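FYI, it's all coordinate maths here, none of it is from the lab. This is a predicted model, so every value here is computed, not measured. As a convention, Cβ positions derive from the backbone with ideal geometry for all residues, glycine included, and neighbour counts pool all protein chains shown.
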C-alpha cells in the first residue's frame, strides 16, 4: 500500500512513470508523469491514495467524489475544460490521466505579478471561463468550486477549468456526496470554498448555474482588485459577509476600472440568484463591454464610490431560518487537492457553527410571556430628519406605523443573530427584540407590509425594508422610529451596508443609497 505520495515517485501507472509531485491534498496527489514509449509524452496523473489515518467511511466518501470527477470529465469536451485522457484503478490506487498544462494555476499567475493584471488579460480569462461554464451548465453540470486554484494556464495564456471533484448534475436526484460519515456532516452540508461561494449555498440550498455565475463574479473581482470581496477570520465570518454585506466598490481599489465594468461585478455578486446574470457569458460580455466603457443593456446599477472606508464588523448579522424542531448544521468543504490540514480542522468549523446555530435556536425556540418589569418602554419618539439619499427617482417621507407591544412572535419566524444584549426575530410584518434568555419580548415594531428578511443591524440602529420598498430605521435599544422612507419600489432583497452606506436593491434594478450616519 502506498499511503505516502512520495513513495510513488518512480512507479508506473497507466503507462506513465511518475517523475515528481505537482501538488498534494489530504487524500491524494497530482504527479507529473512521462509515457514509457518513444514519444515520452508528459501528463498529469491525479491519484487518490488510501490512508491508514482516516475512517473507511471517509475513504469511501473521497472515492465517491473521485469517481464523480471521472464521470463528469468524461462527459465534457470543451476547449477550455481540462480533458481526461484515461482513468482506472491499480490495486488500491484510483487515478485519472489528464494533459500536463505547463502554465500553472491562475492563482500562481496572480501571486507572481507585482502589478494588477492588465484588463486585456482579464477580458480573455473572463470570456474563456464563461464559455466553459456555459457549456458545463448546458450539460446539466454545475462546478461548485470556481476559484483561481482550479483554473490552469497554458504557455499561450489560455485558461482551462479543472477540478470537477465536487461538481454535481444540478437537475438530478439528491447529491450522493451528502452521504458522508455522520460525524462529519449533517443535513444541509455545503461544498465549496467559502470565499467564492454564493450566499444561498450558506443556507444549505443546492447549487445552480447562478451559483457558478456568482463565483465567477468573485474571481473577476479578485483579478481586478487583487483581493476577494469578502475576507474574514474564518469560514463563518466569511459566510456572514456573503449573506449580509455589500462588497467594497471595486473602483475604490482600482480607480481606473470603468464604472460600467464595476456595475457588472455588482450585479454578478447580487445576494439573490434571480438578480444576477442568467449565464456566465452574459456576465463576461457585460464585464468586457464595461471595460471598454460601454453600459450593457439591463445594467442600471450605479455603484457607491468615493466613500470612507470603515470596519463592517459591527454590521455583521446572520439570518438563520429555524423551522420548528429542526436543527441545521453547516460545514465547509474545500477542493480535495487543497486539503492541507487534518480533518480535525473541518470538524472544528462544524462544531463552532453548530454551537452558534443551536445557541440561536435554544434562545428563540420558546418565547414565553413578556414580563412587565423586564419589558422596555416602547413609546414613540419624534421622527428624525431623513438621511441623505441618492436615487434616480423622486422620494418623500411617509408616516410611520404604530409601535406597540404584542404577544410572542408566531412561528414560522427568522432569528437574527446580534452580539449585544438581545436578539431579534422577524415574522411577516413584525420585528421582535427578545432578551437573550428568551423569556422576554423587549419591544416589537409592526410595519405596513411584510418585512424582507433578515433586517440589518449596524451600530445602534436596526434597518429593515418591506416588500413594498418602505425603509425603516429603528433605535436598537427600544424600537423607537428614527426615520421612515418610501421608495414606492418593490423589492425582494434585504438591506446591505458598505462604507457607512445602507443599500437597497429594488426589483426594477434601481439602487437606493442611505447614509448610515
Per the 1/(1 + (r/R0)^6) rule, R0 = 41 Å and r from the Cβ atoms of residue 71 and residue 486, FRET efficiency to 0.05 is 0.15
Residue 22-residue 227 pseudo-label distance in nm [points 7 Å out on the Cα-to-Cβ vector]:
3.2 nm
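Round to the nearest 0.05 the FRET efficiency obtained for residue 89 and residue 295 when R0 = 35 Å and r is the Cβ-Cβ distance.
Details: r = 54 Å, r/R0 = 1.53.
My answer for the efficiency is 0.05.
Grab the Cα-Cα distance for residue 6 and residue 37, subtract it from 0.36 nm times how many residues apart they are, and report the gain in nm with one decimal. Can you show the working numbers first?
Values: separation 31, 0.36 × 31 = 11.16 nm, distance 2.37 nm.
Fully extending the segment from residue 6 to residue 37 adds 8.8 nm.
Between residue 60 and residue 121, what is 0.36 nm times their sequence separation minus the Cα-Cα distance? Round to one decimal in nm. Present the calculation step by step, with values, prior to reporting the outcome.
Details: separation 61, 0.36 × 61 = 21.96 nm, distance 4.09 nm.
Going from the current span to full extension adds 17.9 nm.
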Rounded, prolate or oblate for segment 198-267? Axes are the square roots of the Cα gyration tensor eigenvalues, ordered a ≥ b ≥ c, and the cut-off for rounded is a/c under 1.5.
oblate
Using only the Cα atoms of segment 229-272, build the gyration tensor, take square roots of its eigenvalues as a ≥ b ≥ c, and label the shape rounded, prolate or oblate: rounded if a/c is under 1.5, else prolate if a/b is larger than b/c, else oblate.
oblate
